[in-house]
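The values are calculated or read from the model by the stated rules, or taken from the named source; none is laboratory data. Predicted model only: the values in this text are computed from it and were never measured. Here the Cβ positions follow ideal geometry from the backbone for every residue, glycine too, while neighbour counts run over all protein chains shown. We work out accessible area using only protein heavy atoms, side chains counted, and drop any ligands, DNA or RNA first. Shrake-Rupley method; radii C 1.70, N 1.55, O 1.52, S 1.80 Å.
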Amino acid sequence: MKKTSAYHFEKITPHNQKAALEVYHQNLDYFALTAEIPSLASVAQDRAACPPRLDPEQKHFFLVTFEKRPMAVVDLLTGYPEDTSGYLGLLLIAEHRQGHGQKILAQLEDWLQDQGFQRLELGVLEHNTPALAFWTAQGFHPCGKSSVLLNQQSYSVIKFAKNLADKKTTSLWQ
């Protein structure tokens, strides 16, 4: 991201996964939708999860801090599902309704565009009403449906996509 940004992105590792877990714990309403109880094991599982045949270098699992506080967890895949796309698998925000999600998303979009990606895709659990409203407000459009298996149960997912506008050059890694 921009060096002037107040948001700092760092890869989640065993060293900082407890801070990531703090963000997970601020999103218990989301986890209740899938009957998941956030734990260090679930953070590690999310960190390791990767679609088949995707180069692990294309997975970016970040802890985002703001004023040195854990503020978000981001799971971003680049060059997936298409070479010119990014896929946002997870965006969890610690402090809701403060503008952090919108600002972090804008930085991700800038960086993706600078790297030559033309589209950002994501999936939202069909019953996650707040997330459906957030992504629609950010300019994402429904583009299909699918299902996902979580905790041995199938859930309906609405696929969303957004074509990325031209942005000025930024750097995701500081």
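Figure legend. Inter-residue proximity from segment 78-92: first residues in a strand (DSSP E or B), second residues among the basic types (Lys, Arg), beta-carbon distance below 7 Å, spacing 6+ or different chains. Indicated pairs: SER85/ARG119. Applying the selection to segment 121-156, what residues are out of contact with any Leu (no Cβ under 6 Å at 6 or more places or on another chain), surrounded by 16 or more Cβ atoms within 10 Å (Cβ to Cβ) and part of a strand (DSSP E or B)? Matches in segment 121-156: GLU121, GLY123.
Screening ASP29 on (1) modelled with pLDDT of 95 or more; (2) open to solvent by 10 Å² or more (accessible area, probe 1.4 Å); (3) in a helix (DSSP H, G or I); (4) under 21 Å from ILE158 (Cα atoms) shows it passes everything except condition (1). With respect to (1) open to solvent by 30 Å² or more (accessible area, probe 1.4 Å); (2) at pLDDT below 95; (3) in contact with a strand residue (DSSP E or B) (Cβ under 6 Å, 6 or more places away or on another chain), the lone exception for THR34 is condition (1).
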